[in-house]
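Take a look at the structure below.
The values are calculated or read from the model by the stated rules, or taken from the named source; none is laboratory data. Small disclaimer: the values here were computed from a predicted structure and weren't measured. Heads up, the Cβs are rebuilt from the backbone with ideal geometry, glycines too, and the neighbour counts pull from every protein chain shown. With ligands, DNA and RNA removed, areas are computed over all heavy atoms of the protein, side chains included. Shrake-Rupley method; radii C 1.70, N 1.55, O 1.52, S 1.80 Å.
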Amino acid sequence: MTTFVKGEVAMNGSKLIRRIHMECPICDKVHEIEERTQLAKIIIKGEEVNYVETYYLCPNSDEDENEFVTGKMMNDNLLNARNEYRKAHYLLT
């Protein structure tokens, strides 16, 4: 079951997109996971690029490492970063 939430912003600047009921690889339980976005930085060709990153958050974890991404999310995040680099240098996207 997917629950869509309109624009809840956390203290770290991340924005809640939706809640998804799925198996969590962090705590190995099936529960509601939060899909969030945040502004991130990456270095491409020696230049720092800001881009929007999407990730999942386990709200049940008390550990520092409570965020994870799927393979598709990682590919999409890298594509977002490359597109931001292209826009900054007026290259085709």
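Some values worked out for this structure:
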| quantity | calculated |
| --- | --- |
| Residue match in the range 59-66 (condition: assigned to a strand (DSSP E or B) and surrounded by 14 or more Cβ atoms within 10 Å (Cβ to Cβ)) | no |
| Pick from the range 67-93, criterion under 26 Å from Arg18 (Cα atoms) and not in a helix (DSSP H, G or I), ranking: most open to solvent (accessible area, probe 1.4 Å) | Glu67 |
| Hits in the range 27-57 (condition: open to solvent by less than 50 Å² (accessible area, probe 1.4 Å) and assigned to a loop (DSSP other than H, G, I, E, B)) | Cys27 |
